[in-house]
Protein chains: 2
Amino acid sequence: MALEQVSSNKAFDGQLIKYKFKSAALGGLTANFNLFLPANSANAKVPILTYLSGLTCTEDNGAQKGGFLGPASKEGIALLFPDTSPRGAGIEGETDDWDFGVGAGFYLNATNPQYSQYYNMLTHVTLELPEVLATAGLPIDLTRQSIFGHSMGGHGALTLYLSSLLSGVKQYRSVSAFAPIANPTKCAWGQKAFSGYLQGGIEEARERYDATELIAKAGKEPVHILIDYGTADNFYKQGQLLPENFLKAARDTGYDEVQVRVRSQEGYDHSYYFISTFGEDHIHFHANFLKA
Amino acid sequence: MALEQVSSNKAFDGQLIKYKFKSAALGGLTANFNLFLPANSANAKVPILTYLSGLTCTEDNGAQKGGFLGPASKEGIALLFPDTSPRGAGIEGETDDWDFGVGAGFYLNATNPQYSQYYNMLTHVTLELPEVLATAGLPIDLTRQSIFGHSMGGHGALTLYLSSLLSGVKQYRSVSAFAPIANPTKCAWGQKAFSGYLQGGIEEARERYDATELIAKAGKEPVHILIDYGTADNFYKQGQLLPENFLKAARDTGYDEVQVRVRSQEGYDHSYYFISTFGEDHIHFHANFLKA
C-alpha cells in the first residue's frame, strides 16, 4: 500500500496533497484521496477531520469548493477527503446511474457478491485510510478524529460515527453533516443503494446503515452531532433527506439540543454554495472536540 | 438584451444568480454570467467588484472556488463573474487550443476580421454587462466599481483598469490580480493571442493591451494596484507572467509601494488553492476604495 503523491498545492499556509495507492479494501483498485496538512503539522501531530462527499463527487469537490481549508488552517486541523466509491471495477452497469455504482458507494461494505470485492468504502474510510496515513509517517494524531459530510456523505458521516460509537470503538469525537440522507431506508436513494449493494437489502441496512435507526439505539452514550439543511433544497423537499425523522428519533431517545443540533437554514439549497456558507461553522464545531 | 435567470443559489446570506442573455458585443451569441448580490442589496444599491477568470475557465470557477463570496457578503459588495470568451461562434479552429479561442478571449476587442464579429470581451465586460445590470434594475451602484482577476483575467483586470484610467473614464477605483499575465507582449501566451486576434498583432497590443506598457504611461495618475503571485507557479517560472517587469515599470514611473504593491508569495502555485488563500485579502483591499 505504498502511497504515491499525485500533486501538492500550498493553501492557507499548509499543503493540500493528493495521493494514490492500491487499495486492499477496494479490491486492489487505485484509490485517490486529498489530505490537507496545516502548517503546524510540521512541528507536531495534528487532529484529523474526514470529509465525505456526496453522489457523483470525487475527492476534489470538498477540497475545492467547501471553504474548509482556511478555517482548518486557523484551527490547526488536518482534513482528509476520500473518494466516493471504487473506480474501475468494471462491474456490469456500475456506471449507468449517477446515484448507484461509481460515485455512489454509500460508505458501506457490500455483501451482494456482485459488489463485495470492490465496494467496501466503510473499511476504506474508517480503517484503511487511517492505516495508510500512519504507515506513511504522516503527522496525524489518530486518537483525535472527527467526521463530516454532505448528502450521501452526510449519511456516511452519521452512520460511521454512530456505528463506531455503538460498537464501543468510538473512533470519532464528533460528527456533522450538510443536508444528509438521514433516514436512507425510507427514501428512494437509500433503498436503491441498499437493494443493490446488500444481500439482505433494506433489512440489512436498517441494522447498520441508517442514521435514524442508529441514533435510536445510542440513547445512553454522549454524542456531539450538528446537522444543517436548507429549506430550498429540492432533495429535502422530495423526501430524500428526512432530517426531521433523525431529529425526532434523537429527541425520543432523550438527546437534547446540545448533543444533537439540527438546524433548518432558510432558503439554502443542496449545492456547495450552501456548504461553503456553513463550512467555517462546522470546522469550529469539530475543533471544540478535536482540540479539547 | 433581456436577462434570463438560469439559476439562483443562496450563499452567505446573499444570492449567487446565473443569468444569460443575447450579447450584442459578442455578435449576438448567448453569454452567461454570475452575479453575487449580498443581503444588504435588498435595501440599497451596492458597489460591484468584477472578477475576470483565466484560460479555460467559465463564469463558474471564481464563484465556486475563489472563496470570495463570504468576504464580499461581510463587506456588502456585489461580485460580477463574466465568462472568458464568446461561445458558439463557430469560427474555424477556435476550439483547437486551450490558450486561444474559446475560453481564451483575453479581454480585448478583436480587430482581425476573422474574430472581430464575436471576440469583443473588452466591450462585453466594461460596457455591456454594466448596461445590462442597470437596464434590469439590479441594485448595483455603477459609480463604485473595481476589478480583479487571475492569470489571463489578471491581465484583463490590469489592462481594463489602466486603459480606463488613461482615457480619463476611470471606471474602476482599484485593481488586483492573482498571478497576472503582466507583460503579455513579451510572453508566448500573449504573443499567440495578439497575433491571432489583432490585425496589427503585437504592435497593436503594445498600445492597448499590455499592463507593463500601460503603467509606464500612467505616472501622473494616482493608482490602487495589488498583485500576488506564487514562487512555485510553473507559468511564472516559464516566463508567462513577468510580474517583475510590471513592478519595474511601475517603480520607474514613480509609483511607490502604497500605490503599486506586488507581493511574491513563497511556495504558492497557479491554482485556485492559491487564489482562495488570498481571496479574502483582495476583497478587503477593494472594499477600502469601494466603500470610501
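None of the figures in this text is laboratory data; all of them are computed from the coordinates on show. Here the structure is a predicted model, which means the values were calculated and not measured. Every residue, glycine as well, gets a Cβ built from its backbone with ideal geometry; the counts of neighbours run over all protein chains shown.
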Fill in the blank from the handout: If each K or R counts +1 and each D or E counts -1, the residues other than A:Thr50 whose Cβ falls under 14 Å of its Cβ total -3
Handout entry: Evaluated over region B:4-290, the Cα radius of gyration and Dmax, each in Å
Key = 17.4, 48
Completion exercise
For A:Lys217, A:Lys170, B:Lys10, ascending order of other Cβ atoms within 10 Å (fewest first) is A:Lys170, A:Lys217, B:Lys10
Handout entry: Estimated FRET transfer efficiency (B:Thr30, B:Thr56; beta-carbon r; R0 25 Å; 0.05)
Key = 0.85
Exercise for the section: For B:Val169, go 7 angstrom from Cα along the Cα-to-Cβ vector, then report the distances to that same point in the other copies in nm, smallest first. Expected result: 6.3
Problem - Average other protein chain Cβ within 10 Å of Cβ, residues B:271-279 - result: 5
Fill in the blank from the handout: Highest mean packing first, using Cβ neighbours within 10 angstrom, the peptides A:58-69, B:276-287, A:155-166 sort as A:155-166, A:58-69, B:276-287
Exercise for the section: Name the long-range amide H neighbours of B:Gly149: under 5 Å, sequence gap of 5 or more, or other chain; modelled H, no Pro or chain starts. Expected result: B:Leu52, B:Ser176, B:Ala177, B:Phe178
Fill in the blank from the handout: Least to most buried among A:Trp98, A:Trp189, by other C-beta atoms within 10 Å and fewest first, runs A:Trp98, A:Trp189
Problem - Extent along principal axes [Cα atoms of the protein assembly as shown; Å; largest to smallest] - result: 73, 49, 47
Exercise for the section: Give the percent of DSSP beta bridges with both residues in the protein assembly as shown that are antiparallel, rounded to the nearest 5. Expected result: 50
Exercise for the section: Using a 10 Å cut-off on Cβ atoms, rank the peptides B:72-83, A:202-213, A:83-94 from the highest mean neighbour count down. Expected result: B:72-83, A:202-213, A:83-94
Fill in the blank from the handout: Simple spin-label estimate for B:Thr95/B:Asp256, 7 Å along Cα→Cβ, in nm, reads 5.3
Practice task
Sort shortest first the distances from A:Ser264 to its counterpart in every other copy, using label points 7 Å along the Cα-to-beta-carbon line, and give them in nm.
Solution key: 5.6
Problem - MRE, 222 nm, helices only [DSSP H, n ≥ 4, -39500 (n - 2.57), over chain B, to nearest 500] - result: -9000 deg cm²/dmol
Completion exercise
Most packed first (mean Cβ within 10 Å per residue), the peptides B:14-22, A:136-144, A:30-38 order as A:30-38, B:14-22, A:136-144
Handout entry: Distant-in-sequence amide H partners of B:Thr111 (H built 1.01 Å from N, under 5 Å)
Key = B:Leu198, B:Gln199
Practice task
Taking the Cβ of B:Gly103 as the centre, find all other residues whose Cβ is under 11 Å away and add up their charges (Lys, Arg: +1; Asp, Glu: -1).
Solution key: -3
Problem - Listed residue pairs exceeding 22 Å between alpha carbons, taken from B:Lys65/B:Lys291; A:Lys170/A:Lys220; A:Lys18/A:Lys65 - result: B:Lys65/B:Lys291
Handout entry: Label-to-label distance, nm, for residues given as B:Gln199 and A:Gln191 (7 Å Cα→Cβ offset)
Key = 6.7
Problem - Integer Hz, Karplus 6.51/-1.76/1.60 couplings in order for region A:88-99, x for Gly and Pro - result: x, 5, x, 6, 4, x, 5, 10, 6, 10, 7, 10
Completion exercise
Here the correct list, in nm and shortest first, of distances from B:Glu92 to the same site in the other copies, label points 7 Å along Cα→Cβ, is 4.8
Exercise for the section: Report, for chain A, the % of DSSP beta bridges that are antiparallel, rounded to 5. Expected result: 50
Problem - Number of partner chain Cβ atoms within 10 Å, mean per residue of B:3-10 - result: 4
